[in-house]
Amino acid sequence: MNSKRVLQLFAGIGFAAAAMTVVADQDFDPQPVIEGRQSALRDIGAAFKGINDEFKKSPPSLPLIRQYARQIDDLSKQQHRWFPAGTGPESDVQTAAKSEIWQQPAQFEAGQVAFGEEVAKLVQAASGNDPAAIKSQAQALGKTCKACHDKFREKDD
């Protein structure tokens, strides 16, 4: 296991422990958890935008697209820890996360799983040299994002 993966593992263990503490700790401050989640989601969005921007160029930079795809992949593996109890609208912290995330956990988890699967397909497509295949998979990933956002995220003003 490389050092980056070890650090990610330890970070994940730490975040999971903190998330479990949420349930037991009445003095839990949800703000740092929400801010961390929002930051990671913005990073995913920026990487996804980077991929789409590359496809507006001729030719697109496949190495850059691969880098963005790996970034999304790395972040997607952490997504299951971003929504612990107490970090929704009831937290009084501004968040676009709808209460349905916690009211319909199986459906939300299914959306997260679908996202992870589509990201893995994007990484696989990006490892090749076929821009059309990569673009097609990026579009499929975008549809997965939209489906989850439509159900579990407040609309932007």
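The values are calculated or read from the model by the stated rules, or taken from the named source; none is laboratory data. What you see is a predicted model, and the numbers here were worked out from it, not measured in a lab. A quick note on method: Cβ atoms are made from the backbone with ideal geometry, for glycine too, and the neighbour counts reach across all protein chains shown.
Taking each residue of the range 27-54 that is on the phi < 0 side of the Ramachandran plot and looking for partners that are modelled with pLDDT under 95 and aromatic (F, W, Y) with beta-carbon atoms closer than 9 Å, six or more apart or interchain, yields V33/F15; G36/F15.
Scanning the range 98-112 for residues that are in contact (Cβ under 8 Å) with a residue 40 or more places away in the chain and touching an Asp or Glu at 6+ places or on another chain (Cβ under 9 Å) yields K98, Q107, F108. In this structure, G128 does satisfy being in contact with a helix residue (DSSP H, G or I) (Cβ under 9 Å, 6 or more places away or on another chain), within 25 Å of K56 (Cβ to Cβ), outside any helix (DSSP H, G or I) and of a type outside the set (S, T, N, Q). Restricting attention to the range 71-118, the residues that are under 16 Å from the mean Cα position of the chain (by Cα), assigned to a helix (DSSP H, G or I) and aromatic (F, W, Y) add up to 2.
Among the numbered conditions (1) at pLDDT 95 or above; (2) buried (at least 18 other Cβ atoms within 10 Å of the Cβ); (3) farther than 16 Å from C145 by Cβ; (4) not aliphatic (A, V, I, L, M), the only one that T95 does not meet is (1). Looking only at the range 144-156, residues that are touching a residue at least 12 places away in the same chain (Cβ under 8 Å), outside any loop (DSSP other than H, G, I, E, B) and not aromatic (F, W, Y) come to 6 in all. Of all positions in the range 5-28, none carries a residue that is β-branched (V, I, T) and at pLDDT 95 or above. Here T95 meets the list (1) touching a strand residue (DSSP E or B) at 6+ places or on another chain (Cβ under 8 Å); (2) in contact (Cβ under 8 Å) with a residue 60 or more places away in the chain almost entirely, failing just condition (1).
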